[in-house]
Amino acid sequence: METLYITHPACRLHEMGNWHPESSQRLDAINDQLLASGLMPCLVHEQAVPATEIDILRVHTPEYLAYLRSKLPKTGYFAIDPDTLMNPYTLEAAWAAAGAGITAVDAVMKKKARTAFCSVRPPGHHARPAAAMGFCFFNNIAVAAAYALEKYALNKIAIIDFDVHHGNGTEEIFSNDARILMCSFFQHPLFPNVCQDAPAENMVNIPVDAYTKGDTIRQILSDIWMPRLEAFAPELILISAGFDAHREDDMAQLGMVESDYAWITERIMDLAERTAQGRVVSFLEGGYNLSALGRSVVAHVKALAAL
């Protein structure tokens with residue numbers, strides 16, 4: 001079966017100012033590197049179907065959605081916080097980004113595709129049930145997971161988060177939900193500076209120090225992530241794929257490279273083949289050095305597509 005490449009034109013319309021690192025250039029960098037690598041023709045291209053209000057309200061509160069709608073500017077920007085701003089197209093982009101995951105879940109569950117990569121923005125894993133933060137408005141991966149649990153009556157979904165920042169919003173949404181096992185590593189201390197000493201039982205959090213390199217992270221994942229994932233035996237695997245742990249990315253200080261992202265993805269794919277009929281959906285999160293981002297996504301998608 002095929003690997004889907006899912007995006008939407010609206011994802012390029014959201015912007016937060018020329019100074020902001022989370023820009024539409026990120027999608028262009030990914031697209032350019034996929035083309036240059038020769039990988040793009042191997043993917044099946046599909047446009048995301050935007051999420052519905054019902055989809056968003058599975059994980060966000062009605063009051064929060066009403067707040068976002070009330071603050072959407074007709075021109076210029078509205079600053080939710082100093083780093084998270086809305087322009088007139090932000091919600092259009094956010095609906096599309098959240099819908100990409102649902103589009104992908106439908107495809108893999110109906111056996112129209114084996115895996116999918118959602119090249120979308122704004123990102124999502126910091127978005128809390130009732131608050132935007134960290135460049136995120138709707139929690140894209142949580143929207144997709146909640147949809148899959150309801151639509152397909154799944155009992156076990158694994159969420160893998162390898163962004164350099166802790167996916168605090170996803171953790172808040174699914175803490176103590178036994179149907180979800182969330183495994184993440186993240187630099188700590190670092191934004192959002194949330195690292196619980198005793199997280200919920202279904203949360204496998206691995207904080208790592210600045211300047212940790214890929215070989216150390218690989219060993220930690222082998223020793224801690226994989227035994228929990230094997231025991232859980234997920235029926236579907238969703239990935240918050242942030243690439244800002246790359247050694248060239250100035251947003252943090254970890255030392256990963258493209259081969260590390262390929263290695264992680266290959267381990268996930270091995271597990272998916274055994275327990276989830278190969279079903280994996282990946283969502284773009286962070287990654288702000290454009291060259292490193294594009295190269296890392298190529299490594300990740302190549303592993304998703306088993307090429």
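Couple of notes before you dig in:
- Inter-centroid distance (Cα atoms) of the range 235-307 relative to the range 179-212, Å: 17 Å
- Calculated [222 nm] ellipticity per residue, helices only, for the chain: -11500 deg cm²/dmol; basis is -39500 (n - 2.57) per DSSP H run with n ≥ 4, divided by all residues, nearest 500.
- For the range 190-307, fraction of C-alpha pairs farther apart than 19 Å, in %: 50 percent
- Antiparallel %, DSSP beta bridges [both residues in the chain], to 5: 10 percent
- The Kirkwood hydrodynamic radius of the range 16-170, based on inverse pair distances between different Cα atoms, is 16.4 Å.
- Taken about its Cα centre, the chain carries a charge dipole of roughly 760 debye when the Cβ of each Lys and Arg holds +1 and the Cβ of each Asp and Glu holds -1.
- Coupling constants for the range 3-20 follow from the phi torsions by the Karplus curve (6.51 cos²θ - 1.76 cosθ + 1.60, θ = phi - 60°), and in residue order they are 10, 8, 10, 10, 8, 7, x, 4, 5, 8, 7, 5, 8, 10, x, 4, 7, 7 Hz; glycine and proline get x.
- Computed from phi, the 3J(HN,Hα) profile of the range 106-120 under the Karplus parametrisation 6.51, -1.76, 1.60 (θ = phi - 60°) reads 4, 5, 6, 6, 8, 6, 7, 8, 8, 9, 8, 10, 9, 8, 9 Hz, with x in place of Gly and Pro.
- Max mean-square fluctuation residue, GNM over the chain, Cα-Cα springs under 10 Å, options Gly134, Gly169, Gly76: Gly76
- Net charge, Ser240 excluded, C-beta distance under 10 Å - Lys, Arg +1, Asp, Glu -1: -3
- Equivalent ellipsoid, the chain (semi-axes from 5 times Cα gyration tensor eigenvalues, Å): 25, 21, 21
- Rounded to whole numbers, the Karplus 3J(HN,Hα) couplings from phi for the range 134-151 are x, 6, 10, 10, 10, 7, 4, 6, 5, 4, 5, 5, 5, 4, 5, 4, 7, 5 Hz, using 6.51 cos²θ - 1.76 cosθ + 1.60 with θ = phi - 60°, and x at Gly and Pro.
- Here the label points at Asn31 and Ala178, each 7 Å from Cα along the C-beta direction, are separated by 4.6 nm in the simple model.
- Among the chymotrypsin sites (Phe, Trp or Tyr not before Pro) within the range 1-74, those in coil by DSSP and having at most 16 neighbouring Cβ atoms inside 10 Å are Trp19.
- In the elastic network of the chain, a GNM with C-alpha springs shorter than 10 Å, the most mobile of Thr75, Thr115, Thr61 is Thr75.
- Qualifying chymotrypsin sites (Phe, Trp or Tyr not before Pro) in the range 204-238, DSSP loop, other Cβ atoms within 10 Å at most 15: Tyr211
Read the figures in this text as sums done on the coordinates, not as results from a lab. Fair warning: this is a prediction, and the values are worked out from it, not measured in the lab. Virtual Cβ from ideal backbone geometry, glycine too; neighbours counted across all protein chains shown.
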